[in-house]
Amino acid sequence: MLGVLLLVLQVRTGAVIRGPLGSPTLLTHAFEFQSVILPVHNAELWLDACLESVLQQDFQGTMELSVFNDASKDKSMAIIEKWRPKLEDSGILVVIGGHESPSPRGVGYSKNQAIAQSSGSYLCFLDSDDVMMPERVRLQHEAAAQHPTSIIGCRVRRDPPGSTERYTRWINRLAPEQLLTQVFTANGPTVIMPTWFCSRAWFAHVGPFDEGGQGVPEDLLFFYQHLRKGGRVLRVDQTLLLYRYHPQAATLSVLETTIWTHRVCFLEEWALPQWTSFTIWNAGKQGRRLYRSLTAASRCKVVAFCDVDENKIRKGFYCYEEAQERPKPRVPVLHFRAARPPFVLCVKLDLTGGEFEENLRSLQLQEGRDFVYFS
């Protein structure tokens, strides 16, 4: 244990140690030292594959695995202890923390604790039910070293195959510029949390994660704060993570209404101030819901709804009956070709057989300037 602590101290300071023959050898500079951040709660079904993927990384610098056990009641800790000597024998430092309270403290708390007990200058986030490809740390470190104020993501392969097909397609196909223009959608961060890689210095500048516990979208809140601080978003365009889908996933505990509220607030903070007026594309349920969710000041900027549904267009307007304003706002409903940009798009992608996407392309608009996606 003393040797491990000494090694950590030397890595933190970039200290020179003696090689096998007594010659001076620089163990590593801090910028070469990677910490894999692994929060764990009742993960016995997946941990063997997860930890095997840490062991198989082809990164040539020094790596550390920082595990924080959030009150697991299964065999998670026994599995971690089984893997500890294998990892340490391969040169990977292992730091284990945790608590045994009756109830877990949540993903945000666990991530913060795993980061606090770690030592690396770069943080590679990993969920205990996922599996990294061998080149993940190496390739994302190369990108992060070139972009120190960015969150680096990657493409993923979903398991079981075919689960959340539209969502997975969205994750993997976003163009580089869309990683910033599509941050308001219901899908969440444009690079998903289990793929994140960033410098410790940047995390400290932005973080920590919200520790509100179950039901709090700590990844989305951090992602929005990252953008507020001027952070960028990049993706390594290789599949570097097996991303599991199962009913126990913490993400499924977050209510849709919670996500919706945060998205609306960020839309009003980040996008709407640049426009003096805008049109909501979708006069149906989602478009009207967005309109009702806006502050009164933002609603005043809505000059129209637009749609292709002749019945909605024929009615001619939408009246928000619960509005406090007098007279009650009556917002025109137009055909999309009669409406004017900028638009907030409340139409779900990939669900109209390409009709919506073709209509949008026909207007020859620029994403981020003339429209943003919300649904």
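At-a-glance table
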read-out: Unique residue being assigned by TED's automatic domain parsing to the domain that holds Gln214, surrounded by 13 or more Cβ atoms within 10 Å (Cβ to Cβ), modelled with pLDDT of 95 or more and over 28 Å from the mean Cα position of the chain (by Cα) when the list is Glu44, Glu52, Glu88; value: Glu88
read-out: Strands (runs of 3 or more DSSP E) contained entirely in segment 249-340, each with at least 1 residues that are touching a Ser or Thr at 6+ places or on another chain (Cβ under 9 Å) and among the small types (Gly, Ala, Ser); value: 302-307
read-out: Residue list for segment 198-215, filter: at pLDDT 95 or above and within 19 Å of Ala71 (Cβ to Cβ); value: Phe209, Asp210, Glu211
read-out: Residues of segment 278-319 that turn out to be among the small types (Gly, Ala, Ser) and over 19 Å from Leu360 (Cα atoms), as a count; value: 5
read-out: Verdict on Gly188 being in contact with a helix residue (DSSP H, G or I) (Cβ under 9 Å, 6 or more places away or on another chain), of a type outside the set (Phe, Trp, Tyr), more than 27 Å from Ala297 (Cβ to Cβ) and not in a helix (DSSP H, G or I); value: no
read-out: Single residue of segment 307-328 satisfying the filter (farther than 18 Å from Lys285 by Cβ and in contact (Cβ under 8 Å) with a residue 24 or more places away in the chain) that is surrounded by the fewest Cβ atoms within 10 Å (Cβ to Cβ); value: Gln324
read-out: Segment 348-373 residues that are touching a residue at least 60 places away in the same chain (Cβ under 8 Å), paired with ones that are surrounded by fewer than 16 Cβ atoms within 10 Å (Cβ to Cβ) (beta carbon under 6 Å, 6 or more apart); value: Asp350/Arg166; Phe371/Leu365
read-out: Ile96 being surrounded by fewer than 19 Cβ atoms within 10 Å (Cβ to Cβ) and among the β-branched types (Val, Ile, Thr); value: yes
read-out: Among the residues listed as Ala201, Ala175, the single one being part of a helix (DSSP H, G or I), out of contact with any Gly (no Cβ under 9 Å at 6 or more places or on another chain) and not polar (S, T, N, Q); value: Ala201
read-out: Set Leu234, Leu180: member being among the aliphatic types (A, V, I, L, M) and in a helix (DSSP H, G or I); value: Leu180
read-out: Among residues of segment 122-149, those that are surrounded by fewer than 21 Cβ atoms within 10 Å (Cβ to Cβ) and hydroxyl-bearing (Ser, Thr, Tyr), counted; value: 1
read-out: Selection within segment 173-185 - surrounded by fewer than 16 Cβ atoms within 10 Å (Cβ to Cβ) and farther than 15 Å from Ile151 by Cα; value: Arg173, Ala175
read-out: Among the candidates Leu240, Leu290, Leu234, Leu267, residue that is over 19 Å from the mean Cα position of the chain (by Cα) and not β-branched (Val, Ile, Thr); value: Leu290
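Yes or no, residue by residue, for (1) exposed (fewer than 13 other Cβ atoms within 10 Å of the Cβ); (2) modelled with pLDDT of 95 or more:
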| site | (1), (2) |
| --- | --- |
| Pro332 | no, yes |
| Arg337 | yes, yes |
| Arg340 | no, yes |
| Val344 | no, yes |
| Leu351 | yes, no |
| Glu355 | yes, no |
| Leu360 | no, yes |
| Arg369 | yes, yes |
| Ser375 | no, no |
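The values are calculated or read from the model by the stated rules, or taken from the named source; none is laboratory data. Since the structure is predicted, the reported quantities are computational estimates derived from the model, not experimental observations. Here Cβ is always computed from backbone atoms with ideal geometry, including for glycine, and neighbour counts include all displayed protein chains.
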